[in-house]
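Peer 1: Structure below; questions to follow.
The values are calculated or read from the model by the stated rules, or taken from the named source; none is laboratory data. This one's a predicted model, so the numbers in the text were calculated from it and none came from an experiment. Here the Cβ positions follow ideal geometry from the backbone for every residue, glycine too, while neighbour counts run over all protein chains shown. We work out accessible area using only protein heavy atoms, side chains counted, and drop any ligands, DNA or RNA first. Shrake-Rupley method; radii C 1.70, N 1.55, O 1.52, S 1.80 Å.
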Amino acid sequence: MFEQAFSERNFRKIFDQENRKGRYLEAEFFPSIVDVSERIQKARRLRRTFKKGKAALTEVQKVELTKLKKKIEALEAERELKITEELEKVSALAQSGDFKFSIKEIDVGLGKTTYTIDKEVASFFAIKQIQANLQRVYKVKQANRQQIVSQVSKLIADQFPKYILRTDITSFYESIPTKNIMHKLDEDGLLSVRTRKLIKQLLHSYQELSGAVCGLPRGIGISAYLAELYMRKFDTMLRSATGVIYYSRYVDDLFLVLSPPPNKSVLPDVRRIIQAFKRGGLHRNRDKTSLFDITKGFKPVKFDFLGYCFTLDANAKIELTMTAAKKKRYEDRIDRVFADYLKKSKYDEKRARRLLVERVKFLTGNTRLVNNKKNVVAGIYFSNSLLHSDGFPDLKALDLHLSKKASGLSNAALANKITKHTFVDGFQTRRYHKFSATKLAEIVRVWKHG
């Protein structure tokens, strides 16, 4: 099980993967490497200056360029050696007998207790290795949110007779039976002993801290993997249940389409689905459970699912708009931006003004995450790409909210500058704004807990 080992070699894979995602681990954990990396970047910038001009290089420049190439090669070799040395130390810590995870509660403003692991370097790499081991062995992955929304949109607008059942699981992570999970992991024997031992230790620490007898710590990476592993049996049970012709689940949100035989009640099928929750040790959220009958012509249907509000009218026309909660979240972020500006402008108005404009650009537009080779993008369009309604009323409402906040500023030029950036334009034109990693961190800091 070498590929599961908490080794320098495997930790190097994690190191490279995280850097490709845009997480600068050198600055976070390895200051000794930062200096070498900065010298490499400086030398590379200097090398590029030789290549800018189209004219042939002089003999002196050729000699200088050769020296520069050798210097870069030497620095890169030095960096590789330092990374290896640092990761060997981390590996030794993660494999030591007294290593264990330490977790604590954090407030992220979501109303549910969330946890995080200590920021020690060995803990970071160990938890990432456990995630990699779970994913490699059990092939666990979360469903594709956008794909589900697209499928559901087409299904409910289709004119075949059906029932729609929308529900979710109460306290999803907190209700997962951890004994069942550990029994499966031990019985399968697919994970290394070290991996299983650390998972058990983490879950034990969570139970001691929370006082719970079961459940997974919300917010810690491996919880999503373990939850998906546990839910496989439940998903299979519902997907193959009598009368179910479509089933999807995204974390705790469930959507089912049922089509019982003609002249047969759907209630027995619904009862079997409810019983599946009990057999799985899970609790259905009654307040968020709805059953819609579309067996005899279209009737108006409206429900929230995965950040969208689905509305189907009697003519089979469907609209996807923002949920009230999502729209409120955007409005709250706008409010925080202006509140932070008013607070900071008392001390440094110029800097506060610049940051206000950048935050409005970020909110109303889109950005490609820096240092990310996968070209991951985020923003108003990419977070709401399936919005489908006449005139985009939600986006216009957000623009109105932004405009009202801007009109309250004493600086008319600043207000005018802000209102040039709109949610409608950012969505329809997919307008991009570029931010450095440092600037991006400063921009989003104001929403850290909301």
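Peer 1: Where residues in segment 255-272 are outside any loop (DSSP other than H, G, I, E, B) and hydrophobic (A, V, I, L, M, F, W, C), which of them is farthest from the chain's Cα centre (by Cα)?
Peer 2: Of everything passing the filter in segment 255-272, Leu267 is farthest from the chain's Cα centre (by Cα).
Peer 1: Additional query: Among the residues in segment 290-311, are any under 16 Å from Asp394 (Cβ atoms) and touching a Pro at 6+ places or on another chain (Cβ under 9 Å)?
Peer 2: Yes: one or more hits.
Peer 1: Right, here's the next one. In this structure, does Tyr206 turn out to be in a helix (DSSP H, G or I), of a type in the set (Phe, Trp, Tyr), under 25 Å from Ala132 (Cβ atoms) and touching a Phe, Trp or Tyr at 6+ places or on another chain (Cβ under 8 Å)?
Peer 2: Spelling it out, Tyr206 is indeed in a helix (DSSP H, G or I), of a type in the set (Phe, Trp, Tyr), under 25 Å from Ala132 (Cβ atoms) and touching a Phe, Trp or Tyr at 6+ places or on another chain (Cβ under 8 Å).
Peer 1: Would it be correct to say that Ser223 is under 19 Å from Ile117 (Cα atoms), touching a residue at least 40 places away in the same chain (Cβ under 8 Å) and in contact with a Pro (Cβ under 7 Å, 6 or more places away or on another chain)?
Peer 2: When the stated conditions are applied, Ser223 passes them.
Peer 1: In contact with a strand residue (DSSP E or B) (Cβ under 6 Å, 6 or more places away or on another chain), more than 30 Å from Lys405 (Cβ to Cβ) and surrounded by fewer than 18 Cβ atoms within 10 Å (Cβ to Cβ): which single residue out of Arg284, Arg279 fits that description?
Peer 2: Within the list Arg284, Arg279, the selection yields Arg284.
Peer 1: Of everything in segment 417-430, what is buried (at least 17 other Cβ atoms within 10 Å of the Cβ) and within 19 Å of Leu355 (Cα to Cα)? Give them in sequence order.
Peer 2: Ile418, His421, Thr422, Phe423, Gly426
Peer 1: Does Asn144 satisfy being open to solvent by 40 Å² or more (accessible area, probe 1.4 Å) and modelled with pLDDT of 90 or more?
Peer 2: yes
Peer 1: Go through segment 64-78 and give me each residue that's within 22 Å of Phe50 (Cβ to Cβ), open to solvent by less than 80 Å² (accessible area, probe 1.4 Å), under 38 Å from the mean Cα position of the chain (by Cα) and not small (Gly, Ala, Ser).
Peer 2: Residues satisfying the conditions are Ile72, Leu75, Glu76.
Peer 1: What's the number of the condition Arg194 fails, among (1) in a helix (DSSP H, G or I); (2) under 16 Å from Ile169 (Cβ atoms)?
Peer 2: Unmet condition: (2).
Peer 1: Determine which single condition Leu306 fails, assuming it passes every other condition in (1) under 23 Å from Asn144 (Cα atoms); (2) touching a Ser or Thr at 6+ places or on another chain (Cβ under 8 Å); (3) of a type outside the set (Ser, Thr, Tyr).
Peer 2: Going through (1) under 23 Å from Asn144 (Cα atoms); (2) touching a Ser or Thr at 6+ places or on another chain (Cβ under 8 Å); (3) of a type outside the set (Ser, Thr, Tyr) one by one, Leu306 breaks only (2).
Peer 1: Let me ask something additional. Name the residue that is modelled with the lowest pLDDT, counting only residues in segment 229-255 that are closer than 15 Å to Phe160 by Cβ and open to solvent by less than 40 Å² (accessible area, probe 1.4 Å).
Peer 2: Filtering segment 229-255 for residues that are closer than 15 Å to Phe160 by Cβ and open to solvent by less than 40 Å² (accessible area, probe 1.4 Å), the one modelled with the lowest pLDDT comes out as Gly243.
Peer 1: Only one residue in Lys104, Lys42, Lys82 is surrounded by 13 or more Cβ atoms within 10 Å (Cβ to Cβ), within 34 Å of the chain's Cα centre (by Cα) and either within 22 Å of Ala126 (Cα to Cα) or not polar (S, T, N, Q) (or both). Which one?
Peer 2: Of Lys104, Lys42, Lys82, the one residue that is surrounded by 13 or more Cβ atoms within 10 Å (Cβ to Cβ), within 34 Å of the chain's Cα centre (by Cα) and either within 22 Å of Ala126 (Cα to Cα) or not polar (S, T, N, Q) (or both) is Lys82.
Peer 1: Can I ask one more? Restricting attention to segment 415-450, which residues are touching a residue at least 40 places away in the same chain (Cβ under 8 Å), touching a Phe, Trp or Tyr at 6+ places or on another chain (Cβ under 9 Å) and under 16 Å from His401 (Cα atoms)?
Peer 2: Phe423, Gly426
Peer 1: Evaluate segment 23-32: report whether one residue or more is over 30 Å from Ser205 (Cβ atoms), modelled with pLDDT of 85 or more and open to solvent by less than 100 Å² (accessible area, probe 1.4 Å).
Peer 2: Taking every residue of segment 23-32 in turn, at least one turns out to be over 30 Å from Ser205 (Cβ atoms), modelled with pLDDT of 85 or more and open to solvent by less than 100 Å² (accessible area, probe 1.4 Å).
Peer 1: Something else about it: Restricted to segment 6-21, and to residues that are open to solvent by 30 Å² or more (accessible area, probe 1.4 Å) and either closer than 19 Å to Glu85 by Cα or not in a helix (DSSP H, G or I) (or both), which residue is modelled with the lowest pLDDT?
Peer 2: Across segment 6-21, the extreme among qualifying residues is Lys21.
Peer 1: Of these, Leu202, Leu226, Leu191, Leu216, which one is in contact with a strand residue (DSSP E or B) (Cβ under 8 Å, 6 or more places away or on another chain), more than 30 Å from Pro260 (Cβ to Cβ) and open to solvent by less than 40 Å² (accessible area, probe 1.4 Å)?
Peer 2: So the residue among Leu202, Leu226, Leu191, Leu216 that is in contact with a strand residue (DSSP E or B) (Cβ under 8 Å, 6 or more places away or on another chain), more than 30 Å from Pro260 (Cβ to Cβ) and open to solvent by less than 40 Å² (accessible area, probe 1.4 Å) is Leu202.
Peer 1: Considering only segment 390-439, how many residues are within 18 Å of Val377 (Cβ to Cβ), of a type in the set (Gly, Ala, Ser) and out of contact with any strand residue (DSSP E or B) (no Cβ under 8 Å at 6 or more places or on another chain)?
Peer 2: Selection size over segment 390-439: 2.
Peer 1: Keeping to segment 273-288, report how many residues are in contact (Cβ under 8 Å) with a residue 40 or more places away in the chain and in a helix (DSSP H, G or I).
Peer 2: Of the residues in segment 273-288, 5 are in contact (Cβ under 8 Å) with a residue 40 or more places away in the chain and in a helix (DSSP H, G or I).
Peer 1: Being aliphatic (A, V, I, L, M) and farther than 18 Å from Leu226 by Cα is the filter here; which residues of segment 82-134 pass it?
Peer 2: Ile83, Leu87, Val90, Ala92, Leu93, Ala94, Ile106, Val108, Leu110, Val121, Ala122, listed by residue number.
One line per residue, one yes/no per condition, for (1) within 18 Å of Ser123 (Cα to Cα); (2) among the small types (Gly, Ala, Ser); (3) touching a residue at least 24 places away in the same chain (Cβ under 8 Å):
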residue: Ile181; (1), (2), (3): no, no, yes
residue: Thr195; (1), (2), (3): yes, no, yes
residue: Leu198; (1), (2), (3): yes, no, yes
residue: Leu203; (1), (2), (3): yes, no, yes
residue: Gly211; (1), (2), (3): no, yes, no
residue: Gly219; (1), (2), (3): yes, yes, yes
residue: Phe234; (1), (2), (3): no, no, yes
residue: Thr242; (1), (2), (3): no, no, yes
